[in-house]
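Working notes, structure below.
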Amino acid sequence: MSLYGVLRSGVSGMNAQSNKLGTVAENIQNSSTTGYKRASTEFSSLILPSSEGNYNSGSVTSRVRYTIGDQGPIAYTTSTTDLAISGNGFFVVSDPGGANYLTRAGNFVPDGRTGNLVNAAGFTLMGYKIGVDPSLNSLDDVVPVNMADFGMQAAGSTAGTFKGNLPYGTTEVAGTAHPGTLAPPVPGYVDIKISNLTPRDMIQFSVGGGPAQTFNVTTEANVDDLVTSINAAVTAGTLSGVQASKDPATGNLVLTSDDLTGATNVTGSFTDMTPAKKTSSLQVFDNVGNPVKVDIQLERTGEKTWEIAVYNGSTLLDGPTTMTFSDLGQLISPASLSFGIPKGQTFTLDMTGMTQLAGEYSVTGSANGNGPSAVKSAEFASDGTVYAVYEDGSRVAAYKIPLATVPSPDNLSPRAGNVYEMTASSGGYQVGFPETGSFGSVASGALEGSNVDIGTELTAMIEAQTSYTANSKVFQTGSELLDVLMNLKR
């Protein structure tokens, strides 16, 4: 081994340790950099051929290794556009020239000029638009995730629900009482008894003693209906020879019996009255987002039946349709109503939540769709779906963020801006979506920190400093020996 070989060995060792000090310094300065991955220096020996009587000193070579595949700690933030990956995968970002890179730095914010989501280094987050079927393991279809693309939106209503309870008890009839009098044509009297009058109840007449009485009649039927009902009841009953008719000139009800010597007129007037109706309103939206009020009108028609009709103002949109309930108060039919919204779409109203139980009238309704609204913010789901959140609170899926990885992440080539580029040693891109296969999940409002440990780096710094000093001593000793050799001539 020559003295020059000693000098070369010392220099080689100092160069190797200086490289290690360089990676330590870089790690320490990036210990707070989002998504930064620790670098380390690895050494390998370089041995030169030697003979038995002559040893050729070799040297040491150094190589930088990155722990790109190691997970960093996740810290939560207050920004919904801050993204962190838990598990395998990298965000796909592009530079201003359109070249794609990989990164774990998810500190994205909307760019005020373009609307794109960019990170602190200026790289744009890439994703697929909803509805795009991406090519397998390819980044050809990715586009910038752009907040400005969302714009204002309005959605016409297409579906809704109408649920609640219709009272099982009798529905009262609202109206005005109309007085009438009976004048018996022969000695004796005629009593007309009306009790518990409700829609579709029977009116009973009996003949007995006592003076003529003044009474009030409240009914939903008109005179013609009353005539028909009386004739049917009398014919089917035990009385015979009694006929009811209507005087066409006066509108009076006339009861005639073959066993009497005259007729009894019920004087007064009858006004048609309809059973009380329950009406509830529901707001829906047409195709351009204008609110449309629809009135849902309910009318009881039987013990277990109701009629339902849908109106827009005075315009009938659907019905009347008969609603039928079971003995247990559960809806039998219809399960839904379908009608067209004026200047809108066909709307389906789910009725399966309706009941008829002993209780008060209580119904609620809801409908999808919304009026014109501007984008307020963006939300990110753990599966990579990007939602546009509008001022009215609605959310619309707009993008799907992919994750990409390579067979050997530690062999990716780092580039400025905390991004990585594919190399021959790393292997090709493997592209997928979060929470599928081996890919991790995306956390919104969180950032992945550096995986640098300060304690480890300070220890490595001391080791490198000691080794550097020792190698400098080797060089110094070789230099002193050369001086001795040079002084032999003197």
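Quick notes on this one:
- With K and R counted +1 and D and E -1, the other residues having a Cβ less than 13 Å from that of Val419 yield a net charge of +1.
- Shown here: the range 284-385, whose C-alpha atoms stretch 52, 37, 22 Å along the first, second and third principal axes, sorted largest to smallest.
- Segment Met461..Ala397, full-extension length gain: 18.1 nm, with 0.36 nm per residue of separation and the alpha-carbon distance subtracted.
- Counting other Cβ atoms within 10 Å as a rough exposure proxy, the listed residues Thr78, Thr61 run Thr78, Thr61 from fewest neighbours to most.
- The packing ranking of peptides 310-320, 156-166, 396-406, highest mean first, is 396-406, 156-166, 310-320, where packing means the average number of other beta carbon atoms within 10 angstrom of each residue.
- Here the alpha carbons of the range 416-490 define both size measures, Rg and Dmax, at 25.6, 80 Å.
- Short-range pairs are left out: with C-alpha atoms under 8 Å and at least six residues apart, the relative contact order of the range 323-454 is 15 percent.
- Full-extension gain in nm, Ala470 to Ala424, via 0.36 nm per residue minus C-alpha separation: 12.8 nm
Values quoted throughout were computed directly from the atomic coordinates according to the rules given, and no laboratory measurement underlies them. Please read these numbers as outputs of a predicted model, since none were measured by experiment. We place every Cβ from the backbone using ideal geometry, glycine too, and count neighbours over all the protein chains shown.
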